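See below for the structure under consideration.
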Amino acid sequence: MPGLFPDDSSIPLSGMRALLAAYDWHGNPLGHPDSWQPELATAMRMALSSAFPMFLAWGPDLRMLYNDAYAALIGDKHPAAFAQPFQQVWSETWAQLVPIIDRALSNKSAFFEDLPLTMQRRGVPEQTYFTFSYSPLQDGGGAVAGMYCTAIETTARVESERRVALELKLSDALRSVDSPDEVLAKAGALLGAELGLSRATYAEVDDAGHTFTVRHQWNAGGAQELSRPEYPLDGFGPTVAALTRAGETFVVNDVDADPRLVDCRPIFRAEAAAAVLTVPLMRGGRLVGFLSLNRAHPYHWTDSDVRFTRETAERTWAALETARAQAQLRAERDRSRYIFDTIGEGFGLADRHWTMLEMNAEGLRICGLTSEQVIGKNHWELFPEVEGTPAAAMLYRAMNERVAGSIEHPLEPVGGRRGWNEIRAFPTQDGGVAIFFREITDRKRAEEGLKMADQRKDEFLAMLAHELRNPLAPISAAATLLDMGAQSETRVRQSSAIIGRQVRHMTRLVDDLLDVSRVTRGLIELQRTTLDLRAIVDEAVEQVRPQLAARRQRLSLHLPPLPVTVEGDRARLVQVVSNLLGNAVKYTHDERAIEVELQATDGQVLLAVRDEGIGMERELTERAFDLFAQAKRSSDRSQGGLGLGLALVRNLVALHGGTVGCASPGPGQGSTFTVTLPLAAPRAAAPLPASGTSGADTAGRLTLLVVDDNVDAATMLALLLEGQGHEVFIEHESLRALELARSARPDACLLDIGLPDVDGNELARRLRAQPETAHSVLIAVSGYGQEHDRQASLAAGFSHHLVKPVAFEELARVLATIERAPAAA
């Protein structure tokens, strides 16, 4: 990635050799390292847990250590590749990568974009493209002992861009071809060169569907031609014949290994076809032909290969049909309605005076006219709206200069939405012009949608950078101020409060990003109970009350007197309502009103949040719940946010079987957001969590053990706990923590999960097993917060799972439920 490492940069990692030798892929010790340090272990884990594919190559033979993202990238080489020499792992690309590696080992960084590499990832050669950033790694003495690399696979993008260009090239080539044989020859040659084929075959199936005839075949240099011009379809076995007649694409990576070919393997072997990709062509539900691609050796056909072949087949058959129709027109002057009515696009024929002589059924449908309204009429009288447009200029050139042409022509908007036609014109021998046209509105809208999505992605990345940098500035300033020393208690408290607020802000941003990721990947699991939606509204209001007070906004609640029950997840529904309220607070001016109304009717619950805020244009209301959707804002982005909150609302409500809506009279006139959920059958609603502390009121002095290999994190947590009057012991290693716990007999243990020697879950099990700490309450304090992490900690014996950075108020509530253990006898 550009900018990830500056030129000639290096990363000194003293003791890295011992660290790499000490741990396997799962973090289990392999040796007895004497020189590694906890800080280096933390740095290594951070690097290997990155979301980007990364690896380290260390030592004389450059043994590779990589993260999960890189493991997914190298395919079935993992896990055998882990900790193996670079040359052994990537033997097939070693010669190509040697200059890059030599540069990194010469203490120089290197960056390569879209580098082509032929890799073995699924047992067969595969053409791939990667963007690399290499940087040297130094040992404790400053000598280069390895390298660090981030790798991003760009195969899909490179192939997509190249194949889009090839599709355009094919379209241009076929557009001017009027011979059917030439159409097939051009398409076959392009496919063969692009996919490295030994053969590309176009075949047509007889009306009965029994026999196919080879109409054209392209063969690579030295490749043999097919042995026969005709084959019985059933001769390839019932499986192949049935799939082809059903119009299903037939993909075979290895003829000798595919069990579907047991009946016809000798045929493929005789024709030197080791890998096969066949795309049937269907018309009216009937198999009329197919395009079949062969390779002389086994090959893994990618999804991109299949899509490209399908599109090429459709374009080729369409061009073939057009070419045949044009040849028929020139050779016989046959204006048969049957021929033109079987063309899958509009066709019209005009003489040299622009009098319409023919128009097929599809053309009449597209134009919304009848044959009587068209035949014998002047083209420009029928379509006056085309005059003066680029499409008219193209048609006049075809008529006057006898030059074929094509253009994409915008149609008059219908219902506020614009449509598009593709128009192609060809001069005829009698001085007139043949016009082919088809509607391409869906394709154009899809292209516009992709452009919009790309623009929103860029805007989101800019907003994310802005939103993450904003809180870093006051945190940095406060930290600098505290570091200066000799500050008054008031100044220290102010600085601490600033840091706390900004950390909570950054935590909310990260939580929103993680929530969106989990929801869009379907990883959210709802903990459903019967809930009173009035209680959900009350809890959400409490979350936004500080913002309401800060802006002196007036909140009105209109809740029914009786319970309004729904089946759902309390935390997620509170998140939905608080996000809607937070959105209203953010975009409503100070001292204005916000209203929440809840009502049940016809088996549904309707929750409405109305504000007197800035309102929205109609265009924004239609996409308000889309991911990253935001109104236009000034460069300071004073309202903040990443455009994630409402997208989360929509997805969470959908998981509960509900719908969302948005309406606004216009800018400056406020907005109304609505949530509709199914009403639950009347049952006792789950009680609200008691406010304040729960359990016995024993929030007195506790004996606590804090275990975290991050020295700063452990120290700061201990200082906070000691400030609350607790006795705190600190340890940074699991085994020493076990020994300390036996003598300290803590009331509660606060354990990090990602410890370097014995992880937190295993430490919890050992603490539960020894009698001195069997009574201790175990609290996980970890950066791992997904549901499976919580389930794992619960199974290990933890009573609570808190995610870093921990809100101290939440930790205090947990500690308040713990009774101090009686003194040992």
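Selection of the range 132-145 for residues being assigned to a strand (DSSP E or B) and either touching a helix residue (DSSP H, G or I) at 6+ places or on another chain (Cβ under 8 Å) or within 21 Å of D76 (Cα to Cα) (or both) yields F132, Y134, S135, P136, L137, V144, A145.
Every condition in (1) exposed (fewer than 15 other Cβ atoms within 10 Å of the Cβ); (2) at pLDDT below 50 is met by A21 except one, and the failing one is (1). Take the conditions (1) without any contact (Cβ under 8 Å) to a residue 12 or more places away in the chain; (2) of a type outside the set (D, E); (3) assigned to a helix (DSSP H, G or I); R269 misses just one of them, which is (1). The number of residues in the range 83-114 that are surrounded by 14 or more Cβ atoms within 10 Å (Cβ to Cβ), small (G, A, S) and out of contact with any Lys or Arg (no Cβ under 9 Å at 6 or more places or on another chain) comes to 1. When the test is whether a residue is acidic (D, E) and open to solvent by 50 Å² or more (accessible area, probe 1.4 Å), E271 does not pass it. Filter the range 155-176 for residues that are buried (at least 17 other Cβ atoms within 10 Å of the Cβ) and modelled with pLDDT of 75 or more and give the result. Correct list: T155, V158, E159. Considering only residues in the range 761-793 that are of a type in the set (D, E) and within 30 Å of the chain's Cα centre (by Cα), the one that is most open to solvent (accessible area, probe 1.4 Å) turns out to be E787.
Residues of the range 558-584 that are part of a helix (DSSP H, G or I) and within 14 Å of R534 (Cβ to Cβ): R570, L573, V574, V577. Using beta carbons and a limit of 8 Å, which pairs, at least six apart or on different chains, have the first residue in the range 772-798 and free of Cβ contacts under 8 Å to residues at least 40 places away in the same chain and over 19 Å from T703 (Cβ atoms) and the second one of a type in the set (S, T, N, Q) and not in a helix (DSSP H, G or I)? Every condition considered, the pairs that remain are D789/S782. Restricting to the range 311-328, count the residues that are in contact with a Ser or Thr (Cβ under 9 Å, 6 or more places away or on another chain) and surrounded by fewer than 16 Cβ atoms within 10 Å (Cβ to Cβ). The total comes to 2.
For the range 521-540, filtered to residues that are among the hydrophobic types (A, V, I, L, M, F, W, C) and surrounded by fewer than 18 Cβ atoms within 10 Å (Cβ to Cβ), the residue that is modelled with the lowest pLDDT is L523. Which ones in the range 115-137 are open to solvent by less than 30 Å² (accessible area, probe 1.4 Å) and more than 26 Å from the chain's Cα centre (by Cα)? Hits for the range 115-137 are V124, S135, P136, L137. The number of residues in the range 182-205 that are open to solvent by 40 Å² or more (accessible area, probe 1.4 Å) and in contact with a helix residue (DSSP H, G or I) (Cβ under 9 Å, 6 or more places away or on another chain) comes to 2. Would you check if H297 is within 17 Å of E194 (Cα to Cα) and open to solvent by 80 Å² or more (accessible area, probe 1.4 Å)? So H297 passes the test.
Looking across the range 545-578, the residues that are open to solvent by less than 60 Å² (accessible area, probe 1.4 Å) and over 23 Å from T659 (Cβ atoms) come down to L548, Q553, L555, S556. Under 36 Å from the mean Cα position of the chain (by Cα), crowded, with 20+ Cβ neighbours inside 10 Å and over 24 Å from G123 (Cα atoms): is that true of F290 in this structure? So F290 passes the test. Those residues that are closer than 16 Å to A57 by Cα and out of contact with any helix residue (DSSP H, G or I) (no Cβ under 7 Å at 6 or more places or on another chain), I need them from the range 102-131; list them, please. D102, R103, A104, L105, S106, N107, K108, S109 - these are the residues of the range 102-131 that are closer than 16 Å to A57 by Cα and out of contact with any helix residue (DSSP H, G or I) (no Cβ under 7 Å at 6 or more places or on another chain).
The values are calculated or read from the model by the stated rules, or taken from the named source; none is laboratory data. Fair warning: this is a prediction, and the values are worked out from it, not measured in the lab. Cβ sites come from the backbone with ideal geometry, for glycine too, and all protein chains shown count toward neighbours. SASA here: full protein model, heavy atoms, side chains in, ligands and nucleic acids out. Shrake-Rupley method; radii C 1.70, N 1.55, O 1.52, S 1.80 Å.
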